[in-house]
Amino acid sequence: MRRFISGLAVVLCLSVSAFAAPIEIELVQYKPEAFRTFDALAEKFNATHSNIHLTISSPNEPITILKTRFIRENYPDIIGIGGDMNYSNFQDAELLADISAYKGLGKIKKAYLDIIDGLKFVPVPGVFGVPYMANAAGVLYNKDIFAEHGWKIPESWPEFMKLCEDIKAAGIRPMFFGYKDTWTTLAPWNALAVDIAPADVCQRVNLGETTFSKEYREVADKTLALLKYAEDGPFAYSYNDACTAFARGEAAMYVIGNYAIPQILSVNPNLNIDSFTMPGRDDENHTLNSGVDIMFCVMESCPNKEAAYEVLDFLLDPENIQAYVDEQNSVPCQTGSFKLTPMLDGMRKYIDAGKMADYHDHHYPSEMAVDAQIQTYLIHGDADAFLAKFDKDWTRYNRDIIAKLKKYMAEH
């Protein structure tokens, strides 16, 4: 009888386990334009995992929604966000779990782990995000126009300026910008800044070791110099206008990132595009402007971190990464032989070598409205006034971060 009861208990336990509800994991990601890709990933995950049920939300106004949920302490398990000041603020507020022990980090390129580490306000130990996809920004160019005229890719700033003169002399507009939308001014600014200024310039300024007036002078001068080769009245044209003009062959080049490619191809699917890294320096030792477009962060409040790690393992599966790359024209942050869009062939050697640096504006507080400041500078051309205001506003809007960093450095 005792043996029968023991056997019955085992059967009952197995039955309960078989019908146990799966662990619920909610992931909220901030790229609504990629919702179909994420919906497909969630469907595939749930079809292959019986112990975990994954829900991926791709809301409009995602950061606003996340902040509202955080205030109400209604936390998702995982968030997918960009490598920018929002990540810095969430990490500083101790909302994100330290995932240093997560084995999947070993698959991520060191350059991108370094980039998100550099986003911390203070250099505290720990890893708080898994870089997933990156952007690459520089110069897109019309391969057919270049081939027709025999133009070569410039390897230095003097070569770039000569190329622009040659294009102009041929009766072709060298570049389109679309500066009516202030954020577009950041495209050439960032591409030049990563090639010319120190990658850690913002932290160095916070520590009082240098100033933007010193470190950004050449960046400002060269950003202004590009206007000579722009469309007539670039401040009257929007981002959509610029994408359309480039797609129609109205300019030989477009200083922008890979994120513009889908918009351009929606106008002209047959456009023959390639790219090259902004040659901001006078020598050939360049750095690609690349930042983390989306990373996954496990929330500190997540009650089932092992289940969350299983979701991350799935997302990092090479097959799923390649599917995302194919659909979103992205650059994977994971090591491996992934097939990228041929439109990034000209940047591939920098991507493969990990010779890249983050967008400088990922470190700028939104209150500074740096994009609007750059637009005003480009209209009036007064570099001294622009840089002086940059330094003054930086101190004003980063006062708390500067104090926190100096205190940390003094204690450590």
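Listed conditions (1) within 30 Å of residue 158 (Cβ to Cβ); (2) modelled with pLDDT of 95 or more are all met by residue 284, apart from (2). Taking segment 44-71 as the range and being touching an Asp or Glu at 6+ places or on another chain (Cβ under 9 Å) and assigned to a loop (DSSP other than H, G, I, E, B) as the test, the residues that pass are 49, 51, 58. Taken over segment 116-157, the criterion of being among the β-branched types (Val, Ile, Thr) and either assigned to a helix (DSSP H, G or I) or modelled with pLDDT under 95 (or both) is satisfied by 116, 122, 124, 145. Picking from residues in segment 111-161 that are under 25 Å from residue 279 (Cβ atoms) and of a type in the set (Lys, Arg), the one that is surrounded by the fewest Cβ atoms within 10 Å (Cβ to Cβ) is 152.
Yes or no: residue 44 more than 16 Å from the chain's Cα centre (by Cα), of a type outside the set (Gly, Ala, Ser), surrounded by fewer than 18 Cβ atoms within 10 Å (Cβ to Cβ) and over 19 Å from residue 303 (Cα atoms)?
Yes; evaluated as a whole, the condition is true for this residue.
So that you can scan it fast, the table gives a plain yes or no per residue for (1) basic (Lys, Arg); (2) part of a helix (DSSP H, G or I); (3) at pLDDT 95 or above:
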| residue | (1), (2), (3) |
| --- | --- |
| 218 | no, yes, yes |
| 235 | no, yes, yes |
| 246 | no, yes, yes |
| 259 | no, yes, no |
| 264 | no, yes, yes |
| 269 | no, no, yes |
| 275 | no, no, yes |
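For segment 296-313, the criterion of being of a type outside the set (A, V, I, L, M), touching a helix residue (DSSP H, G or I) at 6+ places or on another chain (Cβ under 8 Å) and more than 21 Å from residue 104 (Cβ to Cβ) is met by no residue.
For the criterion of being touching a residue at least 12 places away in the same chain (Cβ under 8 Å), touching a Lys or Arg at 6+ places or on another chain (Cβ under 7 Å) and not assigned by TED's automatic domain parsing to the domain that holds residue 69, residue 283 fails.
Restricting attention to segment 220-233, the residues that are small (Gly, Ala, Ser) and assigned to a helix (DSSP H, G or I) total 2. When 225, 230 are checked against the criterion of being among the aliphatic types (A, V, I, L, M) and buried (at least 18 other Cβ atoms within 10 Å of the Cβ), a single residue qualifies: 230. Of the helices (runs of 4 or more DSSP H) contained entirely in segment 300-408, those carrying at least 1 residues that are surrounded by 14 or more Cβ atoms within 10 Å (Cβ to Cβ) and in the same structural domain as residue 53 (by TED's automatic domain parsing) fall at 305-315, 318-328.
Taking segment 196-210 as the range and being polar (S, T, N, Q) and touching a Lys or Arg at 6+ places or on another chain (Cβ under 9 Å) as the test, the residues that pass are 206, 210.
Go over the candidates 101, 93, 147, 169 one by one and state the one that is hydrophobic (A, V, I, L, M, F, W, C), assigned by TED's automatic domain parsing to the domain that holds residue 202 and farther than 26 Å from residue 222 by Cβ. Can you show your working first?
Numbers: 101 fails: assigned by TED's automatic domain parsing to the domain that holds residue 202; 93 fails: assigned by TED's automatic domain parsing to the domain that holds residue 202; 169 fails: farther than 26 Å from residue 222 by Cβ.
Only one candidate qualifies: 147.
Taken together, the criteria place residue 104 among residues that are surrounded by fewer than 18 Cβ atoms within 10 Å (Cβ to Cβ), touching a Leu at 6+ places or on another chain (Cβ under 8 Å) and touching a residue at least 40 places away in the same chain (Cβ under 8 Å). Tell me, yes or no, whether segment 243-256 has at least one residue that is touching a residue at least 24 places away in the same chain (Cβ under 8 Å), crowded, with 19+ Cβ neighbours inside 10 Å, out of contact with any strand residue (DSSP E or B) (no Cβ under 6 Å at 6 or more places or on another chain) and of a type in the set (Ser, Thr, Tyr). Taking every residue of segment 243-256 in turn, none turns out to be touching a residue at least 24 places away in the same chain (Cβ under 8 Å), crowded, with 19+ Cβ neighbours inside 10 Å, out of contact with any strand residue (DSSP E or B) (no Cβ under 6 Å at 6 or more places or on another chain) and of a type in the set (Ser, Thr, Tyr). Would you mind stating whether residue 74 is part of a helix (DSSP H, G or I), outside the structural domain of residue 402 (by TED's automatic domain parsing) and either modelled with pLDDT of 95 or more or of a type outside the set (Phe, Trp, Tyr) (or both)? Answer is no for this residue. Could you please let me know if residue 184 is part of a helix (DSSP H, G or I), surrounded by 18 or more Cβ atoms within 10 Å (Cβ to Cβ) and without any contact (Cβ under 8 Å) to a residue 40 or more places away in the chain? No.
When segment 376-412 is filtered for residues that are at pLDDT 95 or above and among the hydrophobic types (A, V, I, L, M, F, W, C), the ones remaining, listed by number, are 378, 379, 383, 385, 386, 387, 388, 390, 394.
The values are calculated or read from the model by the stated rules, or taken from the named source; none is laboratory data. Here the structure is a predicted model, which means the values were calculated and not measured. Every residue, glycine as well, gets a Cβ built from its backbone with ideal geometry; the counts of neighbours run over all protein chains shown.
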